[in-house]
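**Q** The structure is given below, and queries will be raised subsequently.
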Amino acid sequence: MDWERRLRARLAARRAPKKSEQELKDEEMELFTKYYMEWKGGKKSDNISYVNIPRFYYRLPAEDEVLLQKLREESRAVFLQRKSRELLDNEELQNLWFLLDKHQTSPMIGEEAMINYENFLKVGEKAGPKCKQFFTAKIFAKLLHNDPYGRISIMQFFNYVMRKVWLHQTRIGLSLYDVAGQGYLRESDLENYILELIPTLPQLDGLEKSFYSFYVCTAVRKFFFFLDPLRTGKIKIQDILACSFLDDLLELRDEELSKESQETNWFSAPSALRVYGQYLNLDKDHNGMLSKEELSRYGTGTLTNIFLDRVFQECLTYDGEMDYKTYLDFVLALENRKEPAALQYIFKLLDIENKGHLNVFSLNYFFRAIQEQMKIHGQEPVSFQDVKDEIFDMVKPKDPYKISLQDLINSSQGDTVTSILIDLNGFWTYENREVLVASDNDNTADVDDT
């Protein structure tokens, strides 16, 4: 009988040794799990994912594990070679252009050849397996604009293919310098890449080899200043490809680059020589470093002493003097005041209380130096209350009593606000903006009359 079995079980339980507190807890948890799963309408499965979690972390070889490091390097090299072979070479690109031209769909729009979707697919079948990834409905739709016949421009499509191939080639090239193999470049990695790139850029042929180290430092600082705002010492390869800096650098392959383009390109030889020449001119004692007094002559020489004090308090210095690398960050910030990375650099200097915002006290602290400079130059000082109201009106911060970095960036007035607070010349330009605009209009009118 069932009663007999239960009585026997009860007697056996009494004779059995008493369970420990941990065993009772485990039993309680097991029963809870059982009844909970029944209540939910399911039961515990032997095949659910957490029974056998796949491996997702692979430890990098340590420095003393030479064999594992060599194996990793070799396997990465083989992988990158395989990826490189998958890309279209020049002959295959020429063949693709020939096929596209052969299958163009009339009528032409001006001198621009077009192709419809049917012929697009035909070219995809004939172009070979390497081109298959480019001949999809998604890419066709992406390049389709307002053509009444539902066609795309052959030139636009070919340029798209060329751009994709170039991006993959560049990514593979950069990955060869990724020593850690983690998808980012350290400062030394990027320095090696640019140093080996110099001989391939005709626009840098005139650079003396003794200047190479300074050129590389100048070029690398722009990448790290803008792409590594947290100063981690490394940049994602993906971010390098996504920004325009690499395009500017590789633009120096053009042997006929105009003088105007060279002057506006940070990576050009004239630009690098200009920045380094300015540094040497400021270094009056020729010790290779800049003191606060030497830096005060930067630009128009109208940066306030209070701002320069903050530069030397917050930035990396050696016995109170600034080296070339720190100077480059300073120059990049002041020459690109509209950019978020530059505003972040200057904002940190303006935030004297390290509160993450600028209040009336902070603004007044910096503007007093502007007022003092105005007195020295024989000008009537402007009221701080008027300037403060104008700054808050320009920025329109979320909190009416303080300005955050994000407020400054969102306002698109960050360059004007920072210039008002740190540079007498910048304040004068802002204060006399209406006069300057009127003067420009008069000059334009005079030119038109002649």
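The values are calculated or read from the model by the stated rules, or taken from the named source; none is laboratory data. Only a predicted model underlies this, so the values are computations on that prediction, with no experimental measurement involved. All Cβ positions, even for glycine, are placed from backbone atoms using ideal geometry, and neighbour counts span all protein chains on display. Each accessible area value is taken on the protein alone, full model and side chains, heavy atoms only, with ligands, DNA and RNA left out. Shrake-Rupley method; radii C 1.70, N 1.55, O 1.52, S 1.80 Å.
**Q** When Lys and Arg each count +1 and Asp and Glu each count -1, what net charge do the other residues less than 11 Å away from Asp386, Cβ to Cβ, add up to?
**A** Taking every Cβ under 11 Å from that of Asp386, the sum is -3.
**Q** Let me know the Kirkwood hydrodynamic radius for the stretch 48-122, please, with Cα pairs as the basis and the value in Å to one decimal.
**A** 17.8
**Q** Taking the Cα centre as origin and putting +1 on Lys and Arg beta-carbons and -1 on Asp and Glu beta-carbons, what dipole magnitude results for the stretch 69-174, to the nearest 20 debye? List each step's numbers first, then the result.
**A** Details: 17 positive and 12 negative charges, 133 e Å.
It works out to roughly 640 debye.
**Q** On to the next question. Let's test the formula: R0 of 56 Å, r as the Cβ-Cβ distance of Asn359 and Lys130. What FRET efficiency results, to the nearest 0.05?
**A** Efficiency, rounded to the nearest 0.05: 0.40.
**Q** What whole number of Å gives the distance from the Cα centroid of the stretch 143-195 to the Cα centroid of the stretch 303-355?
**A** Value for the Cα centre distance between the two parts: 34 Å.
**Q** Enumerate the lysines that Lys259 could reach by cross-link, defined here as Cα to Cα under 22 Å, with residues fewer than 8 away along the same chain left out.
**A** Result set, ordered by chain and number: Lys222.
**Q** Next question. Would you report the distance distribution of C-alpha pairs in the stretch 24-148 as whole percents per 10 angstrom bin, up to the bin with the largest distance?
**A** 9, 20, 15, 12, 16, 16, 8, 3, 0
**Q** Less than 11 Å Cβ to Cβ from His357, Lys/Arg counted +1 and Asp/Glu -1: what total charge do the surrounding residues give?
**A** Summing Lys and Arg as +1 and Asp and Glu as -1 gives -1.
**Q** Which residue fluctuates the most in the chain, going by a Gaussian network model with Cα springs under 10 Å, if the choices are Ser291, Ser20, Ser175?
**A** Ser20
**Q** Keeping all protein chains in the complex and leaving out DNA, RNA and ligands, what accessible area do you get for Val66 with a 1.4 Å probe, in Å² to the nearest 10?
**A** 90
**Q** Based on alpha-carbon positions alone, could you give the equivalent ellipsoid semi-axes of the stretch 128-278 from the gyration tensor, as √(5λ), descending, whole Å? Spell out each step's value before the answer.
**A** Details: eigenvalues 221, 82, 39 Å².
So the three semi-axes of the stretch 128-278 are 33, 20, 14 Å.
**Q** Sticking with this one: Tabulate in residue order the Karplus-calculated ³J(HN,Hα) for the stretch 217-226, using 6.51 cos²θ - 1.76 cosθ + 1.60 with θ = phi - 60°, rounded to whole Hz; enter x for Gly and Pro.
**A** Along the stretch 217-226, the couplings run 4, 4, 5, 5, 4, 5, 4, 6, 5, 8 Hz.
**Q** Quick one: length gained pulling Arg82 to Met162 fully straight, 0.36 nm per residue minus the C-alpha distance?
**A** Full extension of this stretch gives 26.9 nm more.
**Q** If you don't mind, there's one more thing I want to ask. Taking only the alpha-carbon atoms of the stretch 224-267, what semi-axes of the equivalent ellipsoid follow from 5 times the gyration tensor eigenvalues under a square root, in whole Å, largest first?
**A** Its equivalent ellipsoid spans semi-axes of 25, 11, 7 Å.
**Q** Continuing with this model, one more query. Dipole magnitude of the stretch 174-283 about its Cα centre, charges +1 at Lys/Arg Cβ and -1 at Asp/Glu Cβ only, in debye to the nearest 20?
**A** Once rounded to the nearest 20, the dipole reads 420 debye.
**Q** Using the Karplus curve 6.51 cos²θ - 1.76 cosθ + 1.60 with θ = phi - 60°, what ³J(HN,Hα) values do you get for each residue of the stretch 78-93, in whole Hz, with x for Gly and Pro?
**A** Once rounded to whole Hz, the list reads 5, 4, 5, 5, 5, 5, 5, 5, 6, 7, 6, 8, 4, 5, 5, 5.
**Q** Between Asp205 and Lys236, what is the label-to-label distance in nm when each label sits 7 Å out along the Cα-to-Cβ direction?
**A** Taking the two extended label points, one gets 3.9 nm.
**Q** In straight Cα distance, which lysines are under 24 Å from Lys164, not counting same-chain residues fewer than 8 positions off?
**A** Lys83, Lys102, Lys122, Lys126, Lys130, Lys132, Lys138, Lys142, Lys236
**Q** Roughly what would the spin-label model give for Asp254 and Thr170, points 7 Å off Cα along C-beta, in nm?
**A** Reported label-point gap for Asp254 and Thr170 is 1.4 nm.
**Q** Return the ratio Rg/(2.2 N^0.38 Å) for the chain, where Rg is computed over Cα atoms only. Walk me through the numbers on the way to the answer.
**A** Values: Rg = 33.1 Å, N = 450, 2.2 N^0.38 = 22.4 Å.
Output field value: 1.48.
**Q** Compare the peptides 423-430, 31-38 by average per-residue count of other Cβ atoms within 10 angstrom and give them in order, highest first.
**A** Those peptides, ordered most packed to least, come out 423-430, 31-38.
**Q** Can you pull the accessible area of Lys325 for me, 1.4 Å probe, Å² to the nearest 10?
**A** 80
**Q** Quick one: what does P(r) look like for the stretch 269-311 with 5 Å bins over all Cα pairs, in whole %?
**A** 5, 22, 28, 22, 17, 5, 1
**Q** Here's another thing I want to ask about it. What net charge is computed for the residues neighbouring Lys325, neighbours being all others with C-beta under 11 Å from the C-beta of Lys325, Lys and Arg scored +1, Asp and Glu -1? Don't jump to the answer; show the numbers that get you there.
**A** Values: positive: Arg221; negative: Glu187, Asp323, Asp329.
Around Lys325, the surrounding residues sum to -2.
**Q** As I understand it, the dipole of the chain uses +1 on the Cβ of Lys and Arg and -1 on the Cβ of Asp and Glu, about the Cα centre. Which of Phe223, Gln373, Ile53 lies farthest toward its positive end?
**A** Highest projection toward the positive end goes to Ile53.
**Q** Same structure, new question: Where in the stretch 97-170 are there GluC sites (Glu not before Pro) that are in a DSSP coil and have at most 15 other Cβ atoms within 10 angstrom of their Cβ?
**A** Answer by residue number: Glu111.
**Q** Under unit Cβ charges (Lys, Arg +1; Asp, Glu -1), what dipole magnitude, rounded to 20 debye, does the chain have relative to its Cα centre?
**A** That gives a dipole near 3860 debye.
**Q** Nearest 10 degrees is fine. How inclined is helix 21-40 to the longest principal axis of the chain, computing both from alpha carbons?
**A** The two axes meet at around 80 degrees.
**Q** What length, rounded to one decimal in nm, is gained on full extension from Glu335 through to Arg59, with 0.36 nm per residue of separation minus their alpha-carbon distance?
**A** Full extension from Glu335 to Arg59 adds 95.1 nm.
**Q** Quick one: which residues, 5 or more positions from Met322 or on another chain, have an amide H under 5 Å from its amide H? H modelled 1.01 Å from N in the peptide plane, none for Pro or chain starts.
**A** Residues meeting the amide H criterion: Leu290, Ser291.
**Q** Set the Förster radius R0 to 25 Å, insert the Cβ-Cβ distance between Arg8 and Leu31 as r into 1/(1 + (r/R0)^6), and round the FRET efficiency to 0.05.
**A** 0.70
**Q** Also, quick follow-up: Assuming a viscosity of 1.567 mPa s and a temperature of 4 °C, what translational diffusion coefficient in µm² per second does Stokes-Einstein assign to the stretch 199-258, Rh being the Kirkwood radius over Cα pairs? Spell out each step's value before the answer.
**A** Numbers: Rh = 12.9 Å.
This corresponds to a translational diffusion coefficient of 100 µm²/s.
**Q** Using 0.36 nm per residue of separation minus the Cα-Cα distance, give me the extension gain between Glu293 and Phe98 in nm, one decimal.
**A** 63.8 nm
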